[in-house]
Each structure stands twice: as structure tokens, then as C-alpha cells.
Amino acid sequence: MKEIEVEGKTVEEAIQKALTELKAKQDDVEVKIIDEGKAGLFGLMGGAPARVKVIMKETEEIKAGGGELAIKAREIVNNILTKMEIDGDTCIEHKPEHIVISIESLDSALLIGKKGQTLEALQYIVNLMANRMIKAGLVKDVAIEDKYKIVVDTEGYRGRREEALIKLALSRAEKVRLSGAKDVLEPMSAHDRRIVHLALKETTGVRTESEGEGAFRRIVIIPD
């Protein structure tokens with residue numbers, strides 16, 4: 001976060017000097033007045049300059065690592081929420097392999113849907129639209145060959161869901177080890193199946209396979 005301290009005859013003058021040096025607008029900064037200064041006798045002698053600290057605000061572009069794709073993904077989510085007539089605030093978290101658009105809303109349960117199906121559908125649409133923008137050359141900082149995934153979350157649902165799936169996977173794997181019989185889990189999305197596969201990848205005594213097609217694809221835990 002960039003910040004500077006500047007002096008001037010008045011507070012306003014000091015702020016203007018700082019804005020010029022930072023090449024910023026008033027809305028881009030936070031101003032802290034260190035000393036309001038003091039006018040000299042007849043405005044000539046014995047005065048003290050005003051001093052301010054000017055701090056650049058952490059804009060969404062900075063939070064997202066300068067990623068234009070993150071900004072556009074957030075715009076897509078906001079537009080979809082508007083069309084769904086859902087009030088919500090969105091924020092960006094930029095990670096090395098994916099971008100997270102988090103939604104805070106009183107309608108989070110509606111956004112999540114049954115077992116996260118609505119949230120998965122929303123995420124699919126956002127990724128589809130973002131990829132089309134990339135292919136059309138509308139995102140300056142991302143090349144067509146770059147692989148970015150946009151994750152859409154609300155109220156920390158994905159973290160809670162992952163914890164629940166890992167707990168389920170370990171519990172059912174223990175059941176398989178004790179009984180010696182395979183266990184078939186309920187149908188899951190590709191994302192959820194991947195979490196279960198990874199959770200049991202290093203677990204001794206069992207192995208996992210997927211069976212079924214489309215929405216009915218599920219994981220089978222097999223004694224190893």
C-alpha cells in the first residue's frame with residue numbers, strides 16, 4: 001500500500017501536492033491530517049506548514065492482483081444477481097490457480113440450492129461467459145491459452161461442503177475396511193467427486209472409482 005507525507009501552506013495545498021505525486025484522484029486516497037499548520041503574522045512570518053499523510057486505497061483491481069478477468073467476472077455475477085432479483089454484495093479473492101467471487105446475501109440459501117446445485121450452475125455460467133470474453137479478446141491481461149477457473153461462493157458454503165465431504169468419505173472408507181464390502185455413495189457433481197477421490201487417495205485399505213453417467217455418476221469405495 002503506497003503512502004506519502006506532504007507539506008503545504010494549507011491542508012488543501014498539501015493534499016493536492018500528494019495527489020499530483022501519486023497521480024491519483026481524491027476518491028483513490030485516504031487522507032490523514034498530521035498538522036493543520038498555522039498562519040504567520042500578517043500571513044508572512046512565524047507560520048508552520050500543514051502536513052498530511054495520503055494513503056492509496058486498496059482498490060478491487062489491486063486486491064485481485066491487477067486482474068482484469070477478476071473484475072469482469074465480478075461484473076458478470078452482479079449482472080446475474082440483478083436479473084435474478086437478488087440483493088447481494090460481491091468481493092474478489094485472487095488466487096494463483098483460480099479467482100473466487102464471494103457473494104454476501106440474505107438469499108444465500110436460494111443461491112446455494114439443493115446440495116449446491118444452483119451455485120454450481122451459476123459458477124458454470126460465469127465461467128462460460130468469461131471464457132467467451134477471453135476468446136473475443138475483451139480481457140486484456142489473459143491470453144486465450146491461459147487456464148483460469150472462476151469459483152463462485154456464498155457465505156463460505158464451499159469450505160463447509162468440502163469439510164463435510166471429507167468427513168463423509170473417511171467415515172465410509174472406515175466402514176468398507178471393517179466390512180470388506182464396497183460402498184456406493186450418492187450421485188455427486190464432478191467437483192464433489194474430486195474432493196472425495198483426493199480425500200481417500202492416500203487412505204490405506206481402500207480405493208475409489210466412479211461409475212454411472214451424467215447426473216447419476218457416483219463414487220464407489222472398494223476394499224483394496
Which one is modelled with the lowest pLDDT, of the residues in the stretch 43-64 that are surrounded by 15 or more Cβ atoms within 10 Å (Cβ to Cβ) and of a type in the set (Val, Ile, Thr)?
Ile55
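Looking at Arg177, Arg207, Arg218 in this structure, which one is surrounded by 13 or more Cβ atoms within 10 Å (Cβ to Cβ), over 27 Å from Leu119 (Cβ atoms) and touching a Gly at 6+ places or on another chain (Cβ under 6 Å)? Break it down stepwise before answering.
Values: Arg207 fails: touching a Gly at 6+ places or on another chain (Cβ under 6 Å); Arg218 fails: over 27 Å from Leu119 (Cβ atoms).
Being surrounded by 13 or more Cβ atoms within 10 Å (Cβ to Cβ), over 27 Å from Leu119 (Cβ atoms) and touching a Gly at 6+ places or on another chain (Cβ under 6 Å) holds for just one of Arg177, Arg207, Arg218, which is Arg177.
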Exactly one of Ala199, Ala215 is closer than 23 Å to Glu97 by Cβ, outside the structural domain of Ile76 (by TED's automatic domain parsing), part of a helix (DSSP H, G or I) and small (Gly, Ala, Ser), and that residue is Ala199
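The values are calculated or read from the model by the stated rules, or taken from the named source; none is laboratory data. Quantities reported herein were computed from a predicted structural model and do not represent experimental measurements. Note: ideal-geometry Cβ built from the backbone for every residue, glycine included; neighbour counts use all protein chains shown.
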